[in-house]
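The values are calculated or read from the model by the stated rules, or taken from the named source; none is laboratory data. What you are looking at is a predicted structure, and each value in this text was computed from that prediction instead of being measured. Please note: Cβ atoms are built from the backbone with ideal geometry, for glycine as well, and neighbour counts cover all protein chains shown. Only protein heavy atoms, including side chains, enter the accessible area calculation; ligands, DNA and RNA are left aside. Shrake-Rupley method; radii C 1.70, N 1.55, O 1.52, S 1.80 Å.
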Amino acid sequence: MFGNELNQYRELSMLPLRGLLVFPYTVIHLDVGRKKSINAIEEAMLGSKEIFLATQKEAQNDDPSEEDVYAVGTVAEIKQILKMPGGTMRVLVEGICRARVVSYTDDVDYIKVMIEEFRNEETTKKNPELEALTRTLVYQFEQYVRMSKKIPPETVASVVTIEEPARLADVIASHLSLRINEKQSILEALDISERLNALCEILAREMEVLELERKINIRVRKQMEKTQKEYYLREQMKAIQKELGEKDERAAEVEELRAKIKESRLPSEALEKVNKELERLERMPAMAAEGVVVRNYLDWVLSLPWSKETRDRLDLDMAEKILDEDHYGLEKPKERILEYLAIRKLAKKMKGPILCLVGPPGVGKTSLGKSVARSLGRNFVRMSLGGVRDEAEIRGHRRTYIGSMPGQVLQSIKKSGSRNPVFLLDEIDKMTADFRGDPASALLEVLDPEQNNTFTDHYLEIPFDLSKVMFITTANSIYNIPRPLLDRMEVIELSSYTEEDKMPIAMDYLIPKQIKEHGLKKNNISFSEDAVRKIIREYTREAGVRNLERQIASICRKVAREVVKDRNFSVTIDADRIKKYLGTEKFHYGRAEKDHQVGVTTGLAWTETGGDILSIEVALIKGKGKLTLTGKLGDVMKESAQAGLTYVRSKADELGISQDTLENYDIHIHVPEGAIPKDGPSAGITMATSLASAMSGRKVRSDVAMTGEITLRGRVLPIGGLKEKSLAAHRAGITTIIMPSENEKDLEDVPVQIKDKMKFVPVSHMDEVLAEALVPKEKGKQR
Ligand code: ADP
């Protein structure tokens, strides 16, 4: 379009612009200071008030020549002039049209140029392409404004009403903050569509940049916000703590813990958790209650022997020596334990079954466990399961509970001080389950070698490796051990001690041990055999030796008091002195009943704590033949009393029971109180004997005890626990035991010393029982 014949050529004074560009159709203030420029304006004011505005290529240039100024510029009309202080001038100009310098004509007082004007833009014919471009531009401009937020909405409203594309483009370009060369290129775009296109491109690019800027901004702000917020809060907390004078306490605490953590050699999982908790603690104010909880937790984790281990010493000869050193007798259990240790020695990695020592209290289960630990050179720890009914006792409470703690298992491990102790689980048969969860299944996890390397306590929340622990369990009876546990265990039975066992145990083990424990010397105290036997018989009645040891301890204690007063005090404890030290005897040794009596028979009972004797009494009172039973008897026992009575009645004639007795007397059966559970059928023949005695008036032998179930026809059926029962009978001074002949095979288990001293009478019918137990009838006496 350059050189179009419609264009006008004219001469105008020129104002070079620094750092800005005036588009046609725009009104703008210019501050003018350069002498030449002021001259140019004054010259213009004298004539048409029009002036040519062109932009300098370099803003710093104070006296630009022709090549320093863009050739294309704008013809503008001067609307207003304001003289400013200091000789400068503020000029209000309005762009009229584009123009191009043809030549510089003067440059002495001011620049004068010959220009070619392009005034015919608005007459450009509209076409669809132009229309489309226009719409796009408007749309983009609106978008741009919305994104950039730099242009007020009123401006947008007025801009979009412009219909003439050329004008629209110029107005929009003037509102954009573009670099000078970009603006210049728009100004030089004389072709309208070219100008619109260029603008669209610029807008699209600008929007892209804006979008990027926005994203970067958001990211930066987020980051800033987070760090700033944390920083701010931390500072604030520090300030508060400082005000409260607490800061140092917490910091010191955290430091101390951090040092401990460094030393502790925790496994990575635990380390991670602990560090997290420590961070939490660090952020807490010193007085926060929560802080105590976290502190406790950390103390707990750090106190566990995560990697502390004792070295095993698996010397079987040594083990045998130690077991013998600590225990009298117990040949079978010792042998089994040594076998068990041998297997462990051969197959170190083998995850063998768990030992379970079964027997009545006080027979040395715990102390065998201790000896195993001693012979292996391991630490020993004991945990009682008696009465444990809550899973949490084994596995702990979650930390959400107030005052929660790890379960007993980890508490014991902590106590043991190493992660491979011998761990005695006592009374595994005394656990009970209730609504709080089944402790047996938790225990199963503890014992299962497949799972216990990642045993997780609810409180600790991090797995602890229990696989190196050697578990030994104990129970009084295998019947109450939960089946799945029993399946994993190797049962070793320990039986009750006879008096013959107890004597050497007391003399050679318990007495020396107690003398030492009480700080006595051998010459301060000695026990005679008679005395020990008296203690066994008259002050204890037990399967094991626990009470025996207690009685001995009690004597030692009293002697120790004397020794404190007089260092040379010396006493021999003989049978006569026992009373002085232990008071009157607690049990009547000898015959369960001293003399043969009518209506009183000694029975034998089997309990978990060994066997015991019980006497069954029958009395006749005037009445109508009614049967009364007292002594808190179980149903089975009541029924066998009925059976016994029926049998005795049916044999009334043979037994010499009078009609009067059968018809005019009530019968009262009583089993005196005692710690023995009074149920089960094995007292059948005992009750029948008492009945027969009471009704016939014949005495029962007091040196006879019996056990056996009875049928209505008087058959005697087998019972359990013969061995324990015979030990109890022996203890009680009985010399004859009547037993079911079907139990004869069980005699094998009865210790020889008992068999030597005791007469066993196997019977299969009640007639035989009565023949043995009843004292022959005295002449002239009959009911
Ligand atoms: P349990 O665990 O079976 O109830 P303990 O192991 O506590 O019994 O034994 C009670 C006491 O009797 C302990 O002091 C123990 O050393 C001692 N004891 C038991 N049996 C023997 C034995 N055979 N030889 C020496 N001391 C024994």
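Summary table
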{"item": "Those residues of region 464-494 which are open to solvent by less than 50 Å² (accessible area, probe 1.4 Å), hydroxyl-bearing (Ser, Thr, Tyr) and more than 11 Å from the ligand (Cβ to nearest atom), in sequence order", "result": "Thr473, Ser477"}
{"item": "So Leu357, is it touching a helix residue (DSSP H, G or I) at 6+ places or on another chain (Cβ under 7 Å), within 15 Å of the ligand (Cβ to nearest atom) and modelled with pLDDT of 85 or more", "result": "yes"}
{"item": "Residue list for region 399-428, filter: open to solvent by 40 Å² or more (accessible area, probe 1.4 Å) and either without any contact (Cβ under 8 Å) to a residue 40 or more places away in the chain or farther than 15 Å from Ser307 by Cβ (or both)", "result": "Arg399, Thr400, Tyr401, Ile402, Gly403, Met405, Gln408, Gln411, Lys415, Glu427"}
{"item": "Matching entry among Ile337, Ile394, Ile343 (being under 25 Å from Leu486 (Cβ atoms), open to solvent by 60 Å² or more (accessible area, probe 1.4 Å) and of a type in the set (Val, Ile, Thr))", "result": "Ile343"}
{"item": "Residues satisfying the stated conditions in region 495-505, i.e. in contact with a helix residue (DSSP H, G or I) (Cβ under 7 Å, 6 or more places away or on another chain), within 11 Å of the ligand (Cβ to nearest atom) and among the hydrophobic types (A, V, I, L, M, F, W, C)", "result": "none"}
{"item": "Members of region 360-391 that are away from the ligand (no atom under 13 Å from the Cβ) and surrounded by fewer than 19 Cβ atoms within 10 Å (Cβ to Cβ)", "result": "Gly377, Gly387, Arg389"}
{"item": "Flag for Leu82 being over 29 Å from Ala169 (Cα atoms) and not polar (S, T, N, Q)", "result": "yes"}
{"item": "Pair list, Cβ < 7 Å and 6+ apart or interchain, from region 310-335 residues that are in contact (Cβ under 8 Å) with a residue 60 or more places away in the chain and over 23 Å from Arg419 (Cβ atoms) to residues that are within 10 Å of the ligand (Cβ to nearest atom) and acidic (Asp, Glu)", "result": "Tyr328/Asp508; Gly329/Asp501"}
{"item": "Condition broken by Asp508, with the remaining ones in (1) within 16 Å of the ligand (Cβ to nearest atom); (2) acidic (Asp, Glu); (3) surrounded by fewer than 17 Cβ atoms within 10 Å (Cβ to Cβ); (4) not in a helix (DSSP H, G or I) satisfied", "result": "(4)"}
{"item": "Members of region 732-749 found to be of a type in the set (A, V, I, L, M) and either in a loop (DSSP other than H, G, I, E, B) or surrounded by fewer than 18 Cβ atoms within 10 Å (Cβ to Cβ) (or both), listed by number", "result": "Ala732, Ile734, Leu747"}
{"item": "Condition met for Arg550 (out of contact with any Pro (no Cβ under 7 Å at 6 or more places or on another chain), within 16 Å of the ligand (Cβ to nearest atom) and either open to solvent by less than 20 Å² (accessible area, probe 1.4 Å) or closer than 28 Å to Tyr328 by Cβ (or both))", "result": "yes"}
{"item": "Exclusive hit being surrounded by 21 or more Cβ atoms within 10 Å (Cβ to Cβ) and out of contact with any helix residue (DSSP H, G or I) (no Cβ under 6 Å at 6 or more places or on another chain), set Ala560, Ala531, Ala543", "result": "Ala543"}
{"item": "Residues being polar (S, T, N, Q) and either in a helix (DSSP H, G or I) or within 16 Å of the ligand (Cβ to nearest atom) (or both) - total across region 553-580", "result": "1"}
{"item": "Residue under evaluation Lys516, criteria (1) open to solvent by 20 Å² or more (accessible area, probe 1.4 Å); (2) more than 14 Å from the ligand (Cβ to nearest atom); (3) assigned to a helix (DSSP H, G or I), criterion not met", "result": "(2)"}
{"item": "Test: residue in region 417-425 that is within 13 Å of the ligand (Cβ to nearest atom) and modelled with pLDDT under 90", "result": "no"}
{"item": "Counted residues, region 265-284 - those being surrounded by fewer than 18 Cβ atoms within 10 Å (Cβ to Cβ) and of a type in the set (Gly, Ala, Ser)", "result": "1"}
